[in-house]
Structures are given as structure tokens and as C-alpha cells.
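The numbers here are math on the coordinates, done by the rules we state, and not lab data. Computed from a predicted structure; not experimentally measured. We place every Cβ from the backbone using ideal geometry, glycine too, and count neighbours over all the protein chains shown.
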Amino acid sequence: MLKIMVTLSNDVLIQIFEYLPSSQICELQCLNKDLMMLMKEFRWNKIFHVKRNIKNKELIKFMNNWNISKLDLSECQKINYKSMTKLHNLKYLDLSSCGQITDECVRGLQNLEYLNLNLCHSISDSSVKKFGNIKRLSLNECCGVTDKSIKYLGGVEELLLYGSRYITDDSIKYLGKVKKLALIRCYEITDESVKKLSNVEDLTLNCTKLTDESIKHLKNIKKLTLQCCHATNDGITDDGIKELNNMTKLHISGTEITLKDINLKMLETLVLCRGTHVSDETIERLANNGVHVELRHPH
């Protein structure tokens, strides 16, 4: 196989490499000097995954040998600030579940297009407030993040917040220009801020204090996911959903929504999990109107 590869043009080789997993590409680099030089010079656009027990010195060497733009370091428990300076030119970086990642580690990463800091418990407001230019940011279970930094993320295109107990309406009201937003298990969020998210196109909500009062304001919403939005008050019902005439996809679980006699003209896909109150008759009516209905079990 190696004999065949060395006869191919560089353009053809690069096209082949783009289909290979990053682990195999790294192995090929060791087989031939010419291949090694080609791989070092090419700007890779695929996500490179490294071994989970990689150390700082190994990561620094890896970054010196590869011209990559996307790197997955998730669950790498031995990396810290000592190797972070080598990552400043990346476009995509996954640091989820990296136990030693702190605010000091992520300094200089403001120019990334994608950053995943899920389960990085040492990350706090002091670093997050500087991430307003990142396009896609995931901060799930970052317990040190509060309203003090979230209010600066209005320029982010995609923001995922899961289990953020210290995030309230005081910061969410500033996220009206975010295109894709997930507020999961953010139990302090109320109608006061959600009704100001009228320009969000893709919204996931798992907040128990919401009612139709905010949902009916989401006129530009295209994709809406509602998970267990039960409330001690009126909650989210058909009266709120029927106002969303631009919505193309609706995903509901654990809500009081029935969709009975509701005609959402733009709806293309309906995803239903257990705990919904949508009847078989309604499902049949929607399907006959061209809506693709998916029945799923809850996670």
C-alpha cells in the first residue's frame, strides 16, 4: 500500500487523508519521510483526537509537528496551562471533562470558533466574560459561571448552558441575538428573559418557571425543544405554541402541549417523547398534512 501511495500526487493523497481517522493519519506519518513532510505542511481541517493520557510535553510536540485547526482533548486529565499556548491558533477545541483546566489555561483562546468547556469545574466568570467573539460555546455543568459573565456573550452564535444554577434572567435577557441557545436545567429562568429571545432561531428549554407569556413572543423561532417544562403555574400550553407560525421543527417531552386543532403552517418535523399529551388522532392529522413525526423514548 505504501508503494502505491508514494506514486500518487500530493493533491490526491490529501483527499485520501481527509477520509481517514486522525489516528491512522498519525500512524502514516511515521512510514515515510515524504509523507511526513506533506502532512506537516498541510493545514488540516478535520478534528484530531489524541490519546486520553497525553501529557503536556507530548501535546506540545504533537502541535509542533502538525498544522491542525481542530483538536479534541476531551477527558485528557494530565494537560494544564503549560501546553495551552500551543493551542491559540486553533479554530475548534474540545476541553470537556479535563480536570486541570482553569481560567489561566484558557487565556488567549478568545479567537476560537468553537470551544467546549463542559464539566470544567474550575472555569469561572473571569475567563468566560472574554469569550464574546467565539461562535460556538458550550458551558454545560460549569458551576463557577454566573450572570456576571453570561451577560457578555450576546455575540455568540451558539451557546449551550446545562445545569447552570447561578444563571438567571439578569443575564439571559442579553442573549437575544444568539442564533442557537440551550437552557437546560436552568431553573431560575422565567418569562421575563425568555420573551426577549425573539430572534433566537433554535431554542432548547428545560426551565420549570416558563409559561405561554414568553413562548408566544418567539415569533422567529424555527426549531424549538421543550423538555419537562412543567410548572407550579399555568406552564406552556397550546395557547403559546399556536403563535409560532415560522417554526419548522418542534421537539416536546414532559409538557402539557396537545397540538389539538393547531395548524402550524411551516412545521415539517415533530419529535415526541414519553410524557406528552399528543393524541394518536392529532399525530395522524399532522402526518396527513406532510409533517414528519418521530416517536422517541426519553434519554
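Put the Cα centre of region 70-117 next to the Cα centre of region 179-223 and the gap is 30 Å. If a spin label sat at a point 7 angstrom from the Cα of N56 along the line to its beta carbon, the backbone N atoms of region 98-114 nearer than 17 Å would be those of 98-108. A straight chain from E158 to H121 at 0.36 nm per residue would run longer than the Cα-Cα distance by 11.2 nm.
Note on the chain: dipole from Cβ charges, positive end direction compared against L73, Y152, L183; the farthest Cα belongs to L73. Answer with one residue from T276, T258, V293: the one whose Cα lies farthest towards the positive end of the charge dipole of region 224-294, charges on Cβ with Lys, Arg +1 and Asp, Glu -1. Of T276, T258, V293, it is V293. Neighbour counts of C-beta atoms inside 10 Å place S164, S149 in the sequence S149, S164, starting with the fewest. Fully extending the segment from S9 to S23, taken as 0.36 nm per residue of separation minus the present Cα-Cα distance, adds 2.8 nm. The modelled label-to-label distance for the pair D239/Q110, using points 7 Å beyond Cα in the direction of Cβ, is 4.6 nm.
Looking at region 181-285, the trypsin sites (Lys or Arg not before Pro) that sit in a DSSP loop and have at most 15 other Cβ atoms within 10 Å of their own Cβ are K219, K260, K265, R274. Taking every C-alpha pair closer than 8 Å and separated by at least 6 residues, the mean separation divided by the residue count of the chain gives a relative contact order of 7 percent. Report summary: the helix-based calculation at 222 nm, which adds -39500 (n - 2.57) for every DSSP H run with n ≥ 4 and divides by the residues of the chain, gives -5500 deg cm²/dmol. Take the Cα of N263, step 7 Å toward its Cβ, do the same at N65, and the gap between the two points is 6.5 nm. List, in the order given, every pair from K51/K151; K82/K130; K82/K177; K151/K260; K51/K173 whose Cα-Cα distance in the structure shown is over 31 Å. Correct reply: K51/K151; K82/K177; K151/K260; K51/K173. Projected over all directions and averaged, the alpha-carbon convex hull of region 45-189 occupies 7.6 nm².
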